[in-house]
Amino acid sequence: MWHSRQGSYCGGVRLSYQERDKLRRDVTSKLNQIEPRVDPSKYRVHLHEVRDEQGQGVQDTWVVEIVVPASDSSEPYYTGGGDAWVKSMETSKNSEELPLPTSSNRG
């Protein structure tokens, strides 16, 4: 990833070593709350160092990439907070957009 102050620009987020470690733990924790479960061996959190025009790393600046496999299921997925999501042919839509069973019916 390249960082340029003019022309094309690849931004990033400033994250210290401790913040990068916490980000990985937090993403894993959130993904583990999804029902049905996402196999932890199937998703990845990649942190790409942003570089300047000379190829030097921009201090503590990263692009975060989270790779989660697509699902073929038309069944809803539930977040840890109980929100339901279902994948349509066009996009993912949340429970406010599609009629889904209530939390008490999932089971």
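Coordinate-derived values only; no laboratory data. Note that the coordinates shown come from a computational prediction; the quantities given were computed from them, not determined experimentally. Here the Cβ positions follow ideal geometry from the backbone for every residue, glycine too, while neighbour counts run over all protein chains shown.
If a/c stays under 1.5 just call it rounded; otherwise compare a/b with b/c (prolate if a/b is bigger, oblate if not). Do that for segment 1-69, with a ≥ b ≥ c from the square roots of the Cα gyration tensor eigenvalues. Kindly include the intermediate steps, with their values, before the conclusion.
On the way: a/c = 3.40, a/b = 2.27, b/c = 1.50.
Prolate, because a/c is 1.5 or more and a/b exceeds b/c.
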Distance between modelled label sites at Asn32 and Asp83, nm, 7 Å Cα→Cβ extension
2.1
Taking Cα pairs closer than 8 Å and at least 6 residues apart, the relative contact order of segment 14-69 in percent is 37
How much length is gained if the chain between Glu19 and Gln56 is pulled fully straight, taking 0.36 nm per residue apart and subtracting their Cα-Cα distance, in nm to one decimal?
11.2 nm
Can you list residues from other chains, or at least 5 along the same chain, whose modelled amide H is less than 5 Å from the amide H of Tyr77?
Trp85, Val86
